[in-house]
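Notes follow the structure.
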């Protein structure tokens, strides 16, 4: 009998994509299940109100609720440190561990670990965000030594509406950025229905897709001591070591 593995996932309140996708990814690992706690996030913008949604106190309160379920690892399945700065996620995982005694990771920290594993220096970025948010993300990756060689964004700020973007539209955007010959493409938002497209993208373009719902699960499995390669059919990233 497999020992249960419980993934605790911190979720933006208006998100409808990441929970079914994360549950499907977890189901690929014997004995694994995903459990969710929400905190309020309704828009992505650089206003004080929008930035304040990611105050650590709100996220930590949600993490404490996940701790009640005795999860093995807690993951922030959100991309806010892309525009807040990567140190925001580093501080967050430290505080989660201090508050709950449970290991933690995030979508973006796991993505950055994957980029480092493969030495990716040319990245393509696909998001639903507005132009000013996109430029913050591009600048933060440049500071990390990674050049965003192509990007597409859809100019949406209402978080709920990100999940309404059709997968076919996401595929079109990925084909467009592929012309710049990046070493990887990231769909950088956990309310996009992009994760199931990985094998199609990789077959058609020959470029790995690092979707941030998938990177969260990859990072959680690694943190929990489980082999991410057990997840098959969701892209080559799960085999990266």
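Return the whole-Å distance between the Cα centroid of the stretch 36-91 and the Cα centroid of the stretch 2-16. Cα centres, the stretch 36-91 to the stretch 2-16: 13 Å. Taken over the stretch 1-69, the alpha-carbon convex hull comes to 79 cubic angstrom per residue.
Run the numbers on the chain and let me know its relative contact order in percent, using alpha-carbon pairs under 8 Å that are six or more apart. List each step's numbers first, then the result.
Numbers: 485 pairs, mean separation 55.2, N = 241.
Result for the chain is 23 percent.
Computed from the Cα positions only, the extents of the chain along the three principal axes stand at 46, 44, 32 Å, in decreasing order. The relative contact order of the stretch 115-210 comes to 33 percent, based on Cα pairs under 8 Å that sit 6 or more residues apart. As a rough guide to protection, the peptides 50-56, 78-84, 234-240, 184-190 ranked by mean Cβ packing within 10 Å, highest first, stand as 184-190, 78-84, 234-240, 50-56. Residue separation of residue 147 and residue 99 scaled by 0.36 nm, minus their Cα-Cα distance, works out to 13.7 nm of gained length.
From the Cα gyration tensor of the stretch 136-241, with a ≥ b ≥ c the square roots of its eigenvalues, which class applies: rounded if a/c is under 1.5, or else prolate if a/b is larger than b/c, or else oblate? The shape class here is rounded.
Readers should treat all values here as calculations from the given coordinates under stated rules, not as data from a laboratory. Just so we're clear, the structure is a prediction, and the values are computed from it rather than from any experiment. When we count neighbours, we look across all protein chains shown, and the Cβ atoms used for this are built from the backbone with ideal geometry, even at glycine.
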